Amino acid sequence: MTKLHQFDVVVVGAGGAGLMAALYASRTAKTAVISKLYPTRSHTGTAQGGIGAALGNLEEDHPEWHTYDTVKGSDYLGDQDAIEFMCYEAPQAIIELEHMGLPFDRTPDGRISQRPFGGHTNNVTGKPVRRACHAADRTGHMILQTLYQQCLKNQVTFFDEFQVLDLILVNGRTAGVVAVELATGEFHTFHAKAVIFATGGHGRIFEVTSNAYSYTGDGAAIVLRRGLPLEDMEFFQFHPTGIYKLGILITEGVRGEGGVLINGLGERFMSKYAPTVKDLASRDVISRAIYTEIREGRGVNGQNYVWLDVRPESVNQYAAMDGRTNPDGSPYTVTGEQILTKLPDIIDFCRVYLGVDPLTEMMPVQPTAHYTMGGIPTNKYGEVVIDEKNTVLPGLYAAGECACVSVHGANRLGTNSLLDLVVFGKHAGLKAAEFAKHADFEALPAHPEEEVRAQLEALRNGSGRENAFEIGREMRKVMFEEVGIYRNERGMRFAIEKIHELKERYKHIRVRDTGRIFNTELLNAWELGNLLDVAEVVAESALNRTESRGGHSREDYPDRDDQNWLKHTLIWKRNGHTEISYKPVVITKYPPKERVY
Amino acid sequence: MQVTLKIFRYHPEVDKTFHYETYVIENAQETDRVLDLLEYVKGYYDGTLAFRRSCAHGVCGSDAMRINGQNMLACKVLVRDVGTHITVEPILGLKVIKDLITDMEPFFENYKKVLPWFINNSPLPEDGRERRQSPEERARFDDTTKCILCACCTTSCPSFWASDDYLGPAALVAAHRFIFDSRDEAAAERLKIISETSGLARCHTAFNCTLACPREIQITKAIAELKLATITGRV
Amino acid sequence: MALKHNVSLATALRYKGRGPMWAFILHRLGGLGMAILLTVHILSTALGGPVGQFLNDLYMHWAFQIVVYFFVLFHAVNGLRITLLDLWPSLWVYGREALWIEWAVFLPIYGLAVYTILSTALGG
Amino acid sequence: MAAKSRRLSLRERGLNFEMLMWLFTRLSALVMYGLILVAMVGAFLMGARTQMNMADVLRWGFLSIAGHIQNTNIPDLEPWATPFWRLTASAMLLVATAHGVHGLVVIADDYIVHPRGRRNVRALSIVFLLLMVVAGLYVVWTW
């Protein structure tokens, strides 16, 4: 009853990276996209603020500056050859998106409009530079829609609502994937020359997160189970401005347009932490600043949040104080209406979820788990590498958030996630198609789906007493509290123990739904297994790195330690135990130095 | 606070027909999303409850359903908006597969009929840069770029309920997004498709779509603009 | 291609559309009603004779007239709203307000018509 | 950079019978409001204010034939049955019947998806339209 399909290239995941890869691969290779969601439901669609590229449409800018900002943002852990590659590819990639019809906002002379974003600077003056190309505050939505539409136009084959459960490797080469069709519960084997993983991140291991329910680290967990390493898993980005309690993201674009952070005493505290760019420092810096304010009792009403103020009068007041100007040199001012046109969705979120109108009131915000810097190690062509010497695994590719190239290093710069998926999605697609042209199909093993079938049957027939929901809740809580913005040895040891306990309990969960059609309970339980696996390696990697760098801040090791830790972590799961190894960071032009904003 | 949830249930492998099941949640908050309540029911009362969800803040379009008789996204409506007695049913007009999950294929098929992709076969700008478009030209179709294909509009439309050949508001919104894009060159082709009997003329301005749209797209307005475009040729 | 209703009429009517949906339903009902009644009226007037006379007497009965006036007036006022909004699509943004205005126009006219029909019929 | 207006040629804009009828429905509505207005203003000029009530005026407005006001206090129906009023009544009849019959076709379209069924409905509607127009004109010009 297993159905067999054969394609040159199979793309797993239909977010920005997956669709980009499919679009380019399908030009020369028979390509299929397998996605557990309808493509337009993918998480790329929630990206708000913009996509970074040194187009220089509004003021002087250079890919070189973008490269430096990204290296600095990564806290020098990013591989500089890959970063340079991405930043120099960026303008062309954006122009290609525009040619595909993506409706960017426009400048008065009809070019793509750009706005300032955290960490993007003019390297000469140190002032923020307008580099983020945007379509209101739904840039990701437009990218996702445009790519999906182009895929439809080019008649890419889609398998919507198919959950990929396993990767088939034969003799160290890629042979395909196994998936289950949600609507029927049937297994499908996809025999492929090349497989591209574009499965997204795993933000759902944390309690307060901006990530979708579907962000369960499926790709990372599958790869881990197949004996491949993951890279830099300790680095997770906490976005400074999530809606209090809900974690829904409020784009950095709000601060790009002049919004400021205010503590419980009514002070604009970022001038203490980043005197030059203030509220537009990079995300790790601001998240820690907010957390520090809260811990020192300057949260609002003693609660775990601060204010984000984008009321026009405040914006104008602080812009005047900073001497901010328009491109033509006149003083920068905004009206409520302009804010509404530039940030319509944010205004809407606040009205719906908080009952707060950001044009007249301040928004309560707290840092929220946002982005996975680590992931499946790849080189800059998207080829998955499996050891310290960057040995390529033939036929396997990864792109987007699930991959670690690494261009984000220890901390991703705002707008670089969309750029990452566009640039590396494209190159993974091209490379996979090229590979498929010359490669032959690997023979499939006799029953490739047997293992996952057994996995699912075990869950389905389990008669235990444990509630999967409860396990998930406990995992998210302990991960957010102990492996969150600030970390220390004691907390992380506690978290690891807790994860082990939860994994034990997970073996005894009960799935009540015994059906095959849309058995979402079963699949959620399977996803929980992935989350637990990923959470474990995140915590283990974090405990192992005894320094603070970018998104990884340890109270017991507060300083960056280039002497010992200027290297990437690789983590394997072997025989039930984690093994850690390292590989060097590629440094070309920018020797590490202290990071000040 | 106490919230009573009455949920449409149907399991094709077990049930001959649908029925309603009622769940009482004791300590709900008025700021809870209906989606949070569904998750709670699934987690602690009945794991077999099936529904789609992903981003949980009204951007991905997975969780369109009928809440107290009206189409909404479960993640974009709070208890304080709908009260403490909440009825949740699948959207109308698409085959129910299981509980709140409907077959979305006909919906996406209609979407694909209007050529919902950018078409411009003219040579690219010689400087290798973007095609120019003024902010005014961009604003012309801004509203319809917001669509997330959740199907709230189409499945609230009496014309769509009445017969299965009507393209529906969502497909027309997609057509609008491209027809009024100054860079696109296939307006004529699309207008020909949507002016057939299965298209524009079947919009009877019942306005349900506009009221149901979680993205607040002025759908009726967009369709009216398309109708006028077939008369005046102005796009 | 076979005939297929996506939703039965009974289920459809359970959808909680707001004012505009009911305006649409009444508009359609009014149109249908008028088509039937006017057909009968015109034909019976044209044919004349006892049957025609009877039908027209029935048609002129005050109770009947109240219904006919509702059909006609509502269809006329609602049609005006739709025509104006359709010809100036930017006005659709005020779709909700337009409906309030519609009722504000319709109710007094219809009320006056009903009042005069009743006072003529019952008062002598 | 000013927004350039784009206008599609007559053949490119998808202007077909369907959309022409859509337009006709709106325009005929406007014409009917005009005719009703003319009839009602005419009625008041001819002294309707003292001779008939609101409902009668409206009835006359909908179709300006003398039969519609025969039960009122108007002493002489002669001025109400002039060729002018018969002409306006005829115009109203033609426009209204076309509007109405097309409306019926639109309703039928919602429930009949078979192409042949739709063709039949359209054929039937033309027969019906002719029948109504003939019967209506007969009434208008014989009263």
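The values are calculated or read from the model by the stated rules, or taken from the named source; none is laboratory data. Predicted, not measured: the structure shown is a model, and the values here were computed from it. Ideal geometry is used to build each Cβ from the backbone, glycine not excepted, and the neighbour counts take in all protein chains shown. SASA here: full protein model, heavy atoms, side chains in, ligands and nucleic acids out. Shrake-Rupley method; radii C 1.70, N 1.55, O 1.52, S 1.80 Å.
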Review point. What are the residues in region A:557-566 that are in a loop (DSSP other than H, G, I, E, B) and surrounded by 13 or more Cβ atoms within 10 Å (Cβ to Cβ), if any?
Key: A:TYR557, A:ARG560, A:ASP561, A:LEU566
Review point. Just for strands (runs of 3 or more DSSP E) wholly inside region A:49-162: which have at least 2 residues that are within 14 Å of chain B (Cβ to nearest Cβ) and open to solvent by 30 Å² or more (accessible area, probe 1.4 Å)?
Key: A:157-160
Point to revise | Pairs with Cβ under 8 Å, 6+ apart, first in region C:106-124 and without any contact (Cβ under 8 Å) to a residue 12 or more places away in the chain, second part of a helix (DSSP H, G or I) and open to solvent by 50 Å² or more (accessible area, probe 1.4 Å) | key: C:LEU112/D:MET54; C:TYR115/D:MET54; C:THR116/D:MET54
Practice item. Please indicate, with yes or no, whether at least one residue in region D:116-132 is of a type outside the set (Ser, Thr, Tyr), open to solvent by less than 30 Å² (accessible area, probe 1.4 Å) and at the interface with chain B (Cβ under 10 Å from one of its Cβ atoms). Key: yes
Review point. For A:HIS202, are the conditions met, namely being open to solvent by less than 10 Å² (accessible area, probe 1.4 Å) and touching a helix residue (DSSP H, G or I) at 6+ places or on another chain (Cβ under 7 Å)?
Key: yes
Point to revise | From the options D:ALA89, D:ALA55, residue that is hydrophobic (A, V, I, L, M, F, W, C), open to solvent by less than 80 Å² (accessible area, probe 1.4 Å) and either at pLDDT 90 or above or under 30 Å from B:ALA201 (Cα atoms) (or both) | key: D:ALA89
Point to revise | C:LEU73 open to solvent by 30 Å² or more (accessible area, probe 1.4 Å) and in contact with a helix residue (DSSP H, G or I) (Cβ under 9 Å, 6 or more places away or on another chain) | key: no
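Going through A:THR578, A:THR569 one at a time, which residue ends up being touching an Asp or Glu at 6+ places or on another chain (Cβ under 9 Å), of a type in the set (Ser, Thr, Tyr) and open to solvent by 10 Å² or more (accessible area, probe 1.4 Å)?
A:THR578
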Exercise for review: Please work out which residue is farthest from the other protein chains (Cβ to nearest Cβ), limiting yourself to region A:510-548 and to residues that are farther than 23 Å from A:ALA220 by Cβ and small (Gly, Ala, Ser).
Suggested key: A:SER548
**Study point:** Of residues in region B:178-198 being in contact with a Gly (Cβ under 9 Å, 6 or more places away or on another chain), facing chain D (nearest Cβ under 9 Å) and in a loop (DSSP other than H, G, I, E, B), the one nearest to C:TRP92 (Cα to Cα)
**Key:** B:SER195
Review point. Considering B:THR220, B:THR230, which residue is within 7 Å of chain D (Cβ to nearest Cβ), assigned to a helix (DSSP H, G or I) and open to solvent by less than 20 Å² (accessible area, probe 1.4 Å)?
Key: B:THR230
Check your understanding: So which residues in region B:139-164 are open to solvent by 10 Å² or more (accessible area, probe 1.4 Å), assigned to a helix (DSSP H, G or I) and without any contact (Cβ under 8 Å) to a residue 24 or more places away in the chain?
Key -> B:ALA139
Exercise for review: Within region A:394-407, count every residue that is assigned to a loop (DSSP other than H, G, I, E, B) and open to solvent by 10 Å² or more (accessible area, probe 1.4 Å).
Suggested key: 1
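Here is a list: A:GLU450, A:GLU470, A:GLU497, A:GLU434. Which entry is more than 30 Å from A:LEU522 (Cα to Cα), open to solvent by 10 Å² or more (accessible area, probe 1.4 Å) and either of a type in the set (D, E, K, R) or touching a helix residue (DSSP H, G or I) at 6+ places or on another chain (Cβ under 9 Å) (or both)?
Exactly one residue qualifies, and that residue is A:GLU434.
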Check your understanding: Where in region A:209-280 are the helices (runs of 4 or more DSSP H), entirely inside, with at least 2 residues that are within 27 Å of A:ARG476 (Cβ to Cβ)?
Key -> A:218-225
Check your understanding: Do we find that A:PHE424 is within 30 Å of A:THR121 (Cα to Cα) and assigned to a helix (DSSP H, G or I) in this structure?
Key -> yes
Review point. Which of the helices (runs of 4 or more DSSP H) contained wholly in region C:1-79 include at least 2 residues that are at the interface with another protein chain (Cβ under 10 Å from one of its Cβ atoms) and in contact (Cβ under 8 Å) with a residue 60 or more places away in the chain?
Key: C:19-47
Point to revise | Residue identified as closer than 30 Å to B:ILE179 by Cα and among the small types (Gly, Ala, Ser) among B:ALA74, B:ALA64 | key: B:ALA64
